[in-house]
Amino acid sequence: MSITKFIDLIRRDRILGSQIVEYRYIPPLRPVFKRLDLSGLLKNTLREQGIELFYSHQVEAIRLIRQRHNVIVMTPTASGKSLIYNIPVLESLLENTDARALYIFPLKGLEQDQLRNLRELHDHVSVGVFPAPELLHSFSHAEPDPPREKIISRFAEVYDGDTSPYRRKKIRDVIPSVIFTNPDMLHLAINPYHEKWALLFKNLKYIVIDEIHTYRGVFGSHVSNVIRRLRRVCKYWGSDPQFIAASATIANPAQLAEELTGIPFRVIDRSGAPRAGKHFIFINPVESPYTETTRLFVSSLRAGLRTIVFTKARKITELIYTWTVSHAPELKYKISPYRAGFLPGERREIERKLFSGDLLGVVSTSALELGVDIGGLDCCILCGYPGSVSSTWQRAGRVGRHGQESLIVLIAIQDALDQYFMRHPEKFFEKTSEAAVIDPQNRNILKKHIPCACSEVYLRAEDSVYDIKKIRPLIDELVDQRILNPGKKGDIWFSRIRRPQREVGIRAIGEPFVIFNEEGKAIGELSGARVYREAFPGSIYLHWGQQYKVIELDFEKKKVRCQQAVAQIIVEQKIE
């Protein structure tokens, strides 16, 4: 069924139709192209992948990058931002196979997604160029000519919390051309052990920070200090990498990038990418918003529209999935929940099925808001206003990515902001995106990171990154507290604590707890903060629509033991 026919079906529905308070059509935009000069090898590689024309913002950004500017690109979802940093990185490796790049993403799923993109991009480039020659020595002597796929796999690697200790050692022993990681691993495993990453830091040419708009508030303030520590480590090894950042639409991209890194940036914020038409509907339900969300989800799937539902809570994600399967059993294997707390393998499998089209629909928390490519979806249902204009458009950008028209439906919950937009829908469309705010100089946060910085590379009176005169009172306080040790002349400082990074949580959520069923099989994870309210003994944990009763909470081993409970379907109002 076409989008327009489905909208007509909603309007004629005796329940949903009467609750529509606003319909808005956002017309399509035509692309703006510019010429991009590329080397023959890279040009042919891109042509083989069907990439011959480039959007104006891609060309302008790459031109500035080639001129050695730090660049932040702020354009809509699916506007080709990853190509902006992948092309310069590949160009640098074509010129010098010793060059290295570091890609930083806020979520593990994004690392995996972008790793696939980069590997696909260079897959047709000759083996003689990629990866760097010394990577060939990582294979056993019994395999002097390793298969092409093995060589390609060492070109770029993910180094994060899901990487096994064995793989981590292999990566450190023979450092790939590109490392994909996240702020947590930078903080705990790369900055503190930079001697093991000497080859990376000596040859580091590019640092890519994607989804930069997610680094806000306390988390962003922590990450800004992690990045400053990263810059100090780079300078220690003699490199001065160039930064490339990408962001969703926010009010202050340049300010955020500069506060996050401590260096100046050039902004590219005029998109040349095309945009298909979008249909936007506001629904203010008389009764339960979750009932109406489930009803609309089932209708869209039965109409053949690939649909994503965004909720504001993990429990609601599981419940809507359960109610949908209960009402439409034929959809059981065509839909899936998706949320933080799923095991890494589960998340990757759901992403794969979404991209391939094996799944018609997914019910997700904000975990799928960011730029994981999940293929061509048609309909986005927002169960509750996401809390910001920026997040709303980011979620809306999950649909219509392949040029087709799409439908976004905002179903209000009983929240003051939701109800305000239901009464004044024009205000939503008039409102600009919000600013992302961080405070790198926050005293409490800075006090935690200065010892970390000192333990990595001792602090000098003329430091390359920190303004010592500005933070000297804080340094003196740390000395008085016997956290830092001054040098004999008082112009350098060392950390008295061997690994202070272990005592600093940059997300402030605590260590994760692993949830096991009665058979001892891991079924999920919970952060240290959530475990107290969601996994106390006797509580019910929902996973893939199944109910598990928590039997034991082991704080020492960070484990939650549960058993499948007798099914007690949590009933919503009848879905007709």
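Within segment 64-74, does at least one residue satisfy the condition of being out of contact with any helix residue (DSSP H, G or I) (no Cβ under 9 Å at 6 or more places or on another chain), of a type in the set (D, E, K, R) and in a loop (DSSP other than H, G, I, E, B)? Yes, that holds for at least one residue. Applying the set (1) under 30 Å from ILE316 (Cβ atoms); (2) open to solvent by 60 Å² or more (accessible area, probe 1.4 Å) to ASN485 leaves exactly one unmet item: (1). Residues in segment 376-431 that are on the phi > 0 side of the Ramachandran plot and open to solvent by 10 Å² or more (accessible area, probe 1.4 Å): GLY387, GLY400, GLY403.
Taken together, the criteria place LYS431 among residues that are farther than 23 Å from GLU259 by Cβ and out of contact with any Cys (no Cβ under 8 Å at 6 or more places or on another chain). Taking the criterion of being surrounded by 13 or more Cβ atoms within 10 Å (Cβ to Cβ) and closer than 19 Å to GLU525 by Cβ, the residues of segment 158-174 that qualify are VAL158, ASP160, GLY161, ASP162, THR163.
Take segment 7-38 and flag every residue that is of a type outside the set (A, V, I, L, M), farther than 26 Å from GLN419 by Cβ, open to solvent by less than 80 Å² (accessible area, probe 1.4 Å) and touching a residue at least 40 places away in the same chain (Cβ under 8 Å). Once the filter is applied, which keeps residues that are of a type outside the set (A, V, I, L, M), farther than 26 Å from GLN419 by Cβ, open to solvent by less than 80 Å² (accessible area, probe 1.4 Å) and touching a residue at least 40 places away in the same chain (Cβ under 8 Å), segment 7-38 yields PRO27, PRO28, PRO31.
Within segment 204-224, how many residues turn out to be more than 13 Å from the chain's Cα centre (by Cα), over 15 Å from TYR103 (Cβ atoms) and of a type outside the set (Lys, Arg)? Residues meeting the conditions: 7.
Of TYR548, TYR532, TYR466, all but one fail to be aromatic (Phe, Trp, Tyr) and at pLDDT below 90; the exception is TYR532.
Filter segment 39-50 down to the residues that are loosely packed, with under 15 Cβ neighbours inside 10 Å and under 15 Å from ARG119 (Cα atoms), then identify the one that is modelled with the highest pLDDT. Per the criteria, the residue is GLU48. Restricting to segment 226-245, name every residue that is open to solvent by 10 Å² or more (accessible area, probe 1.4 Å) and within 20 Å of the chain's Cα centre (by Cα). Within segment 226-245, no residue meets the criteria. For segment 298-318, the set of residues classified as within 22 Å of ARG533 (Cα to Cα) and open to solvent by 20 Å² or more (accessible area, probe 1.4 Å) consists of LYS312, ALA313, ARG314, LYS315, ILE316, listed by residue number.
Residues in segment 488-509 that are open to solvent by 30 Å² or more (accessible area, probe 1.4 Å), more than 13 Å from LEU459 (Cα to Cα), out of contact with any Asp or Glu (no Cβ under 8 Å at 6 or more places or on another chain) and of a type in the set (A, V, I, L, M): ALA508, ILE509. Pairs are defined by a Cβ separation below 7 Å, a sequence spacing of at least 6 or placement on different chains, a first member in segment 505-519 that is over 9 Å from VAL560 (Cα atoms), and a second member that is open to solvent by 80 Å² or more (accessible area, probe 1.4 Å) and modelled with pLDDT of 90 or more; the pairs so defined are ALA508/VAL218; GLU518/GLN563. Scanning segment 360-371 for residues that are modelled with pLDDT under 90, of a type outside the set (S, T, N, Q) and touching a Lys or Arg at 6+ places or on another chain (Cβ under 9 Å) yields ALA367, LEU368, GLU369, GLY371. Among the residues here, ALA276 does not qualify as free of Cβ contacts under 8 Å to residues at least 60 places away in the same chain and either over 25 Å from LYS353 (Cα atoms) or surrounded by fewer than 20 Cβ atoms within 10 Å (Cβ to Cβ) (or both). With respect to the conditions (1) under 30 Å from TYR25 (Cβ atoms); (2) in contact with a Leu (Cβ under 8 Å, 6 or more places away or on another chain); (3) surrounded by fewer than 21 Cβ atoms within 10 Å (Cβ to Cβ), ASN252 lacks only one, and its number is (2).
The values are calculated or read from the model by the stated rules, or taken from the named source; none is laboratory data. All figures in this text were calculated on a predicted structure; none of them were measured in a lab. Positions of Cβ are generated from backbone atoms using ideal geometry, with glycine treated the same way; all protein chains shown enter the neighbour counts. Remember, those area values only see protein heavy atoms, side chains included, never the ligands or the DNA or RNA. Shrake-Rupley method; radii C 1.70, N 1.55, O 1.52, S 1.80 Å.
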